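Below: one structure, written as structure tokens.
The values are calculated or read from the model by the stated rules, or taken from the named source; none is laboratory data. Owing to the predicted nature of the structure, the values given are computational and were not obtained by experimental measurement. When we count neighbours, we look across all protein chains shown, and the Cβ atoms used for this are built from the backbone with ideal geometry, even at glycine. With ligands, DNA and RNA removed, areas are computed over all heavy atoms of the protein, side chains included. Shrake-Rupley method; radii C 1.70, N 1.55, O 1.52, S 1.80 Å.
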Amino acid sequence: MNKILIANRGEIACRVIRTAKAQGYGTVAVYSEADKEALHVKLADEAVYIGASEPSQSYLNIDAILNAAKQSQADAIHPGYGFLSENAEFAERCAAANITFIGPSAEAIALMGSKQASKAAMVKAGVPCLPGYQGEEQSDDTLIAEAKKIGPPLMIKASAGGGGRGMRLVTDLNQLEEQIRSARQEAKSAFGDDKLILERALLNPRHIEVQVFGDSHGNVVHLGERDCSIQRRHQKVVEEAPSPAVTPELRQQLGEAAVAAAKACNYSNAGTVEFLLDEDGQFYFLEMNTRLQVEHPVTELITGLDLVAWQLMVAAGEKLPLTQEQIQLTGHAIEVRLYAEDPSQNYLPQTGTISHWQVAKGEGIRVDHGIDVGSEISPFYDPMIAKVISYGENREVARRRLLRALDTTELLGLQDNRAFLAAILRQPTFIEGQATTQFLQQESLTFTSSLMP
């Protein structure tokens, strides 16, 4: 590997470019019509135009990205997250073009991209899974019969799904047939695949994920867990590491299960194994994300490691730089996602021009972003502006520092969710480390009143 093309945009493209340069690699940005003046374009050594603003004509266009790699003579591609990062065809076509794909194999991506196939593989590997049905027979009659065996509450999920699409919670079996039909239709529309799986539902769990890393020499380690329980519409809002609910004994069990999951698909590079943790301390496999996660900075802060640098080492064929015994977790880190959205209008995404931008500074503060004064927040892409992350020797120090960072971040030109994020950090339930996936629904009235003028 000599020159790396980053097949992404925004803060993750900037993040990868900085580490790649620090490691001595040449860097290539790609950009759409909407991103001609974007920060990631300015940071890279060179940049290639790949198409119109619509993602389907630019960042999701495999041919355009591979042509950009050929034009710039890039011999490796980092996909970032989102867009093509979990696209098995993209990984295959990179390999066919003799370009190093900085991520796992196409086979691992395909396996873990199917909830149906991945759960079957996890059951076989002995990873704890929720009781459910993930069979090939997909008739309504079969799904209804299997759902009745599981009993309510249960989740209907799109096998190929993500982001809450094709997902339905069923608490009344009389609604089962209608919910199956609705989930199947949404799954087909969103993913082109109407296969469904069924699982027993946990109504008030925590969402715990474990960062794993594998190399091409058969080594796999975990880097501790992150708590991502605070979510809105199945999208994460606050992430922290380590989880306030995880004991050292539970951490070892989670880590061992996550490593077993990665080994079951011969995993190489960065990945995240996600679990649901119930109120009794039992955990169950949810899914595996075969890429770097948005929330990877909290893991970097408590381990002192650069996960993108690890990705580059592994992609270059090197062994993991540390063994499991050498990995140490120190302190606490919390991340929030700063969005261009209006919480008072049901989180409606905002568009506009950044007229003023001053990131927070201070001990233990990190801000990952891809914007500058004059940057356009367009309707074509996710409206995340930045990730604001704090680190402290303990959770309370990290929480206070993050609150101060939100208070001192300066952003003008559009509406944003800073007040909403600060309200979360001030909630007693959050301060006590008791937040579950139902936190925002349970605390909604408090948040509404705290955000009123």
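General remarks:
- Listed by first and then second residue, the pairs with beta-carbon distance under 9 Å, at least 6 apart or on different chains, first residue in the stretch 145-157 and open to solvent by 40 Å² or more (accessible area, probe 1.4 Å), second assigned to a helix (DSSP H, G or I), are Lys148/Leu173; Lys148/Leu176; Pro152/Leu173; Pro152/Leu176.
- Checklist (1) closer than 28 Å to Lys21 by Cα; (2) of a type outside the set (A, V, I, L, M, F, W, C); (3) open to solvent by 30 Å² or more (accessible area, probe 1.4 Å) applied to Thr142, failing item: (1)
- Single residue of the stretch 235-267 satisfying the filter (of a type in the set (Gly, Ala, Ser) and touching a His at 6+ places or on another chain (Cβ under 6 Å)) that is surrounded by the most Cβ atoms within 10 Å (Cβ to Cβ): Ala258
Residue by residue, here is whether (1) out of contact with any Asp or Glu (no Cβ under 8 Å at 6 or more places or on another chain); (2) more than 21 Å from Tyr81 (Cβ to Cβ); (3) not hydroxyl-bearing (Ser, Thr, Tyr) holds:
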{"site": "Gly370", "(1), (2), (3)": "no, no, yes"}
{"site": "Val373", "(1), (2), (3)": "yes, yes, yes"}
{"site": "Phe380", "(1), (2), (3)": "no, no, yes"}
{"site": "Val388", "(1), (2), (3)": "no, no, yes"}
{"site": "Val397", "(1), (2), (3)": "yes, yes, yes"}
{"site": "Arg401", "(1), (2), (3)": "no, yes, yes"}
{"site": "Gly413", "(1), (2), (3)": "yes, yes, yes"}
{"site": "Asn417", "(1), (2), (3)": "no, no, yes"}
{"site": "Leu425", "(1), (2), (3)": "yes, yes, yes"}
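- Among the candidates Ala13, Ala44, Ala20, Ala7, the residue that is within 19 Å of Ala315 (Cβ to Cβ), in contact with a Pro (Cβ under 8 Å, 6 or more places away or on another chain) and either of a type in the set (A, V, I, L, M) or in contact (Cβ under 8 Å) with a residue 12 or more places away in the chain (or both) is uniquely Ala7.
- Count of residues meeting criterion [over 10 Å from Ala360 (Cα atoms) and either at pLDDT below 95 or among the hydrophobic types (A, V, I, L, M, F, W, C) (or both)] in the stretch 390-412: 5
- Residues that are assigned to a helix (DSSP H, G or I) and of a type in the set (Gly, Ala, Ser) within the stretch 106-122 comprise Ala106, Ala108, Ala110, Ala117, Ser118, Ala120, Ala121, listed in sequence order.
- Pairs where the first residue, in the stretch 306-323, is of a type in the set (Asp, Glu) and the second is surrounded by 16 or more Cβ atoms within 10 Å (Cβ to Cβ), C-beta under 6 Å, 6+ apart: Asp306/Thr19
- Subset of the stretch 273-293 [open to solvent by 10 Å² or more (accessible area, probe 1.4 Å), assigned to a loop (DSSP other than H, G, I, E, B) and within 23 Å of Gln324 (Cα to Cα)]: Arg291
- Any hit, the stretch 222-234, residues being assigned to a strand (DSSP E or B), of a type in the set (Lys, Arg), within 13 Å of the chain's Cα centre (by Cα) and surrounded by fewer than 24 Cβ atoms within 10 Å (Cβ to Cβ): no
- Members of the stretch 10-48 found to be open to solvent by 50 Å² or more (accessible area, probe 1.4 Å) and either basic (Lys, Arg) or in contact with a strand residue (DSSP E or B) (Cβ under 6 Å, 6 or more places away or on another chain) (or both), listed by number: Arg18, Lys21, Lys36, Lys42, Asp45, Glu46
- Test: residue in the stretch 372-386 that is over 18 Å from Gly10 (Cα atoms), buried (at least 17 other Cβ atoms within 10 Å of the Cβ) and under 25 Å from the mean Cα position of the chain (by Cα): no
- Residue within the stretch 339-351 that is surrounded by fewer than 21 Cβ atoms within 10 Å (Cβ to Cβ) and β-branched (Val, Ile, Thr) present: yes
- Of all residues in the stretch 165-191, those satisfying the criterion of being open to solvent by 50 Å² or more (accessible area, probe 1.4 Å), assigned to a loop (DSSP other than H, G, I, E, B) and at pLDDT 90 or above are Thr171, Asp172.
- All helices (runs of 4 or more DSSP H) inside the stretch 8-74 with 1 or more residues being within 29 Å of Ile389 (Cα to Cα): 10-22, 39-43
- Checking Ala270 against (1) open to solvent by less than 30 Å² (accessible area, probe 1.4 Å); (2) part of a loop (DSSP other than H, G, I, E, B); (3) small (Gly, Ala, Ser), the condition it does not meet: (2)
- Among the candidates Gly103, Gly135, residue that is among the small types (Gly, Ala, Ser), within 14 Å of Leu198 (Cβ to Cβ), open to solvent by less than 30 Å² (accessible area, probe 1.4 Å) and not in a helix (DSSP H, G or I): Gly135
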